[in-house]
1. Please tell me if residue 253 is buried (at least 24 other Cβ atoms within 10 Å of the Cβ) and within 26 Å of residue 331 (Cβ to Cβ).
2. I need the full set of residues from the range 325-361 which are part of a loop (DSSP other than H, G, I, E, B) and closer than 30 Å to residue 132 by Cα, in order please.
3. Would you confirm, using the coordinates I've provided, whether residue 194 is closer than 25 Å to residue 80 by Cα, out of contact with any strand residue (DSSP E or B) (no Cβ under 6 Å at 6 or more places or on another chain) and crowded, with 24+ Cβ neighbours inside 10 Å?
4. Just name the residue that is nearest to residue 219 (Cα to Cα) out of those in the range 324-340 that are in contact (Cβ under 8 Å) with a residue 60 or more places away in the chain and touching a helix residue (DSSP H, G or I) at 6+ places or on another chain (Cβ under 6 Å).
5. Which numbered condition trips up residue 204, out of (1) closer than 27 Å to residue 96 by Cα; (2) surrounded by fewer than 24 Cβ atoms within 10 Å (Cβ to Cβ); (3) at pLDDT 95 or above?
6. Checking residue 162 against (1) free of Cβ contacts under 8 Å to residues at least 60 places away in the same chain; (2) under 20 Å from the mean Cα position of the chain (by Cα), which single condition isn't satisfied?
7. Taking the conditions exactly as written (touching a residue at least 12 places away in the same chain (Cβ under 8 Å), within 17 Å of the chain's Cα centre (by Cα) and farther than 22 Å from residue 319 by Cβ), does residue 168 satisfy them or not?
8. Being at pLDDT 95 or above, in a loop (DSSP other than H, G, I, E, B) and surrounded by 24 or more Cβ atoms within 10 Å (Cβ to Cβ): is that true of residue 176 here?
């Protein structure tokens, strides 16, 4: 199948990804700690299936579908999560550019930090007081890079966490705001963003007022996928993670949902370079964090609304189920009536998040 025909074929499947979500959501109620997810959609479970084949295939067996990976998967493509597993990450204290907020609770700076050979912008919030404070790196969802401004996307979470005594570094990612440019592959695979999130943890831990032994990560929407990537790529990176209205843990679900209908030329280039999912299932499994869920060794809290029309609830249910099957301490909080952005129950969800983080980031 040619790349163009593959794009057209997968475009037909896009509507199926969301099929039945609203009807299913109407039957849901908020479940404080859900451990029995519903039946996953076909698209959610099929993306990581199939035996890896050809260049770029990870050697690890997908979690939830056989024996867990033994040791570090071999790296056959630089555009894969196993490639990130083989990398060594480090950074230094972020460079403070200017103070943007200074009140009784915290000081916020616009900063830049090192991510490999690049410099990435973001915002740093440090509570008032001696510290050392536990640290949280925030990974925002998709915002068109041409209109994105520094610190955008998780401003509510920044303020809430800083006022609760957490040091916060919100990464802009490469190609956003004052960061160095990003390649097309960095953007579409999210691997570049994942590198920036991992390096943000090292940068925040280098702050003198931050306790580098008490670190967490929080990601919303696309940032939830970035967070899951980081957890499987660097299992010892943080002590806990939180996902808000996350994208799917299967890369092809997200490709069908957004790239194919909104950026079909990018999808065609991906298929032309790496092969179609039918011909190269192993390559695409290597971009899906669920393939390597057995590597996650920290508790994960997920928040999702029943009326999320961007990232359907069945995605969250399937991710939760596969994590638990892989031995992850996963907890899914479902909010009746909440949409993708979270409104009336956002404060309650953040209070739950703070309790979760305090429990798992004890000194």
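The values are calculated or read from the model by the stated rules, or taken from the named source; none is laboratory data. This structure is a prediction, so every number in the text was calculated from the model and none was measured. Methodologically, a virtual Cβ is constructed for each residue, glycine included, from the backbone with ideal geometry; neighbour enumeration extends over all protein chains shown.
1. yes
2. 328, 329, 361 - these are the residues of the range 325-361 that are part of a loop (DSSP other than H, G, I, E, B) and closer than 30 Å to residue 132 by Cα.
3. Yes.
4. Here the answer is 332.
5. Failed condition: (2).
6. In the conditions (1) free of Cβ contacts under 8 Å to residues at least 60 places away in the same chain; (2) under 20 Å from the mean Cα position of the chain (by Cα), residue 162 misses (2) alone.
7. When the stated conditions are applied, residue 168 passes them.
8. yes
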